[in-house]
Every structure is written in structure tokens, then in C-alpha cells.
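The values are calculated or read from the model by the stated rules, or taken from the named source; none is laboratory data. Being a predicted model, the structure only gives us computed values, none of them experimental. In this analysis, Cβ positions are derived from the backbone assuming ideal geometry, glycine residues included, and neighbour counts consider all displayed protein chains. What goes into the accessible areas is simple: the full protein's heavy atoms, side chains included, and nothing from ligands, DNA or RNA. Shrake-Rupley method; radii C 1.70, N 1.55, O 1.52, S 1.80 Å.
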Amino acid sequence: MEPTIVVHGGAWAVPDSLAEASVAGVKAAARDGFAILKIGGSALDAVELAERALEDDLAAFDAGCGAVLNTDGEVELDGKTLAAGAVSSVRNITHPVTLARAVMEKTDHIMLTDRGASQFAESIGITTVPTDALMTESERREWEHYKKYAHTCCQGHDTVGAVALDHRGNLACVTSTGGIRNKMVGRVGDTSIIVSGGYDDDQSGAVSCTGHGESIMKVTLARLILFNMELGKLARDAVDVSLAYMGERVQGGGGAIAIAPSGDWAARFTTQRMVWATAKGESLFYGLDPQDMFEEKLSK
């Protein structure tokens, strides 16, 4: 089995001012995750490492430090790793993906939220930080600008995710997000909802989604994509038909990355842009605009 990892940095109207940093961020994350796969590491370890790199990338993404703020000017993060652990509405965790993995591996539950998630993090030694440590001055200024537009959606640089196939044939997916700017306090989007923001089945494939969370939840987008892959569609076609369905039924835009047990993979979107990167074999593929498929050799 040829190890493969695909990462995304969110489907939205990525401005030119963030384009270079966003592309560099997903390429670096894909390289980090692929380095684990190349030495025989697990798909789960690879996607967690890639996701942590994306969560730490303040220059391009907002799934950790620098996250968008809710109507009260607070950070609330969601994260998920399958199968299966999730956290939502956490305010003092730098890496929600690592906490979500701990929920999967160290508890009998699938999802923890808010205060309970923070208590669990402290009980197992995951470092918590003051909420203010996750805020940046630039995001504070954006929040001040947009707060007069109550519950305005789709502002901010959104969700990050990764899917991987390791040499044993195991699949894994992770997704984490800072949400949408000026969201209602307590709002939970698709990211931490299993079968919506992401899903993983070694017999079918692994998917990580991004876009308008409420639309994604209405059509359970990740599971819909895998359903189409189970019907025999290639990953690319399965993502395309599922995104088209979401657009037709609920007028929602978004994107997804997917990988099949065979190693067939896709990074597709219906928004203006989605930054993504794939590492496989000796090559790194990446893109930002529709139809992009750039390739460069991975350094040995």
C-alpha cells in the first residue's frame, strides 16, 4: 500500500493577501504528515501531526491561535479525529485535534464539549492556556468591524483538515476549526459532528469537509461522499456529486478532501478557492484555484 496524505486549509474566498502563506502552510503540513508515513508510522499519527501544524500556522489559518471570535468576543474551537473522538466549544486548548484524539483513546465517549472538555484536558495533562492567549489583535479588529452585523456567517479563514492512508492500509481523518466570525455563543458547526465534517471507514475511505457548516450538517456531507465512493465512484467524482447535491438542496458551498483504500484521492470544492496539498510517492501536489494541480518533487 502506497502511503498518501491530503490536507486542506478551508474552502472560502481566500484573498490574495493570504494565498502565498496558505499554500505554504498546507505544503508544510503535508510534508510533516508524510514524513511519519514514510517511516512506517500510522495514518492517525500522520494526520494529527499535519493538523497540529495547520492549527499552529497563525499566518494562514485560524483553527487554533488567531481563531475568529463569537458574538461575545470569545474563542470557541471544535475538533475531531476518527474513529472516533470529538470536542466542541473549547476556549483554552491550543490543539483541539490532540484533545479529540484523547477522547477517542482514553474515554468511553465520542464527544466532549465546553467545560467538560477542558476538565478532561487538565486531568490527562494536556496544557490549557488562558483564552486571551488564542486571540490576536488582528482578529480583535476584524471582530470589532463585523460585530454590528449580527450572526454574519462565512467570515474568517475557517477549517483545516487531513486524511491519510498508511502502508498497512489503515485510514484516518481529522478536522478542526475556529468556526465563523460573530457566531452565536455555543454554536457548534459541522467539524465536530461525525458523518458531517468528517468520516473514516477503512472499507470505504476517509473524508474531511470544509465550508458552510449548517449546510454540511443538513446533508451529512462526509458520509454522503463515502456513500458515493461505496457505489464505486472515484474519489473525485464522489466529492463532486455530493457537493453538487448540497448546492442544489440547501444552496451551500464547500469543499472536501477524500482518500479511498486504494489510494485514489481528491481535493474538490465549489467555493472560490480551497487551499490543499497531497504527498504521495516522490511528489507533492497542491492547489488553490479551481483546476489547479501543481507538482513538485519531495526532498529526500
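Structure summary
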| quantity | calculated |
| --- | --- |
| In range of the label at ASN170: residues from the stretch 188-206 whose backbone nitrogen is under 13 Å from the point 7 Å along Cα→Cβ | 202 |
| Accessible area of the stretch 216-298 divided out per residue, in Å², using a probe of 1.4 angstrom | 45 Å² |
| Distance between modelled label sites at SER299 and GLN119, nm, 7 Å Cα→Cβ extension | 4.7 nm |
| For the stretch 161-175, 3J(HN,Hα) per residue [Karplus equation, 6.51 cos²θ - 1.76 cosθ + 1.60, θ = phi - 60°, Hz, x = Gly/Pro] | x, 8, 9, 8, 10, 9, 5, 8, x, 7, 10, 8, 9, 9, 8 |
| Proximal charge balance of SER242 [Cβ under 13 Å; K/R count +1, D/E count -1] | +2 |
| Phi-based couplings in Hz for the stretch 258-264 (Karplus 6.51, -1.76, 1.60; Gly and Pro marked x) | 8, 9, 9, x, 7, x, 4 |
| Burial ranking of peptide ranges 85-95, 259-269 (average Cβ count within 10 Å, highest at the top) | 85-95, 259-269 |
